[in-house]
Amino acid sequence: MNDYQVLAMRTINTELSRAETLLNGCMGLCGEAGEVIDILKKHRGQGHPLNRKRMLEELGDVMWYVAEIAHSLDADLDDVCKDNIAKLGKRYPEGFDADRSINRKD
């Protein structure tokens with residue numbers, strides 16, 4: 001993940017301040033996530049065939065903005081992913097459990 005982040009950040013807008021980079025990342029993430037759900041909406045609600053190729057391309061864009069957000073927060077994607085796995089391991093020590101999901105304590 002860190003290798004991806006380093007390569008992806010070669011295309012970051014270096015004229016933005018750290019705060020502007022964070023804002024750009026958050027707005028971009030929302031926009032790209034919207035594009036992902038729009039593909040699924042067209043498939044499930046409008047009868048289009050699922051455009052797997054385009055959805056994967058949009059997921060790549062989602063990843064770019066995640067990398068930008070982490071970069072703006074001085075965080076490595078490896079650490080973000082490791083922390084998330086640790087959190088999920090505590091929440092679902094035996095794997096996903098609907099009851100633990102419904103009755104979360106965090």
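The values are calculated or read from the model by the stated rules, or taken from the named source; none is laboratory data. This one's a predicted model, so the numbers in the text were calculated from it and none came from an experiment. Note that we place each Cβ from the backbone using ideal geometry, even for glycine, and neighbour counts take in every protein chain shown. The protein model used for the area step is the full one, side chains on, heavy atoms only, and it has no ligands, DNA or RNA in it. Shrake-Rupley method; radii C 1.70, N 1.55, O 1.52, S 1.80 Å.
Points worth noting:
- Residue count for the range 10-34, restricted to those that are part of a helix (DSSP H, G or I) and surrounded by 16 or more Cβ atoms within 10 Å (Cβ to Cβ): 7
- Within the range 35-60, considering residues that are among the acidic types (Asp, Glu) and either touching a Cys at 6+ places or on another chain (Cβ under 6 Å) or surrounded by fewer than 17 Cβ atoms within 10 Å (Cβ to Cβ) (or both), the one farthest from Asn84 (Cα to Cα): Asp38
- Unique match (being open to solvent by 70 Å² or more (accessible area, probe 1.4 Å), closer than 30 Å to Lys105 by Cβ, outside any loop (DSSP other than H, G, I, E, B) and of a type in the set (Asp, Glu)) among Asp78, Asp83: Asp83
- Check on Glu68, part of a helix (DSSP H, G or I), charged (D, E, K, R) and at pLDDT 95 or above: yes
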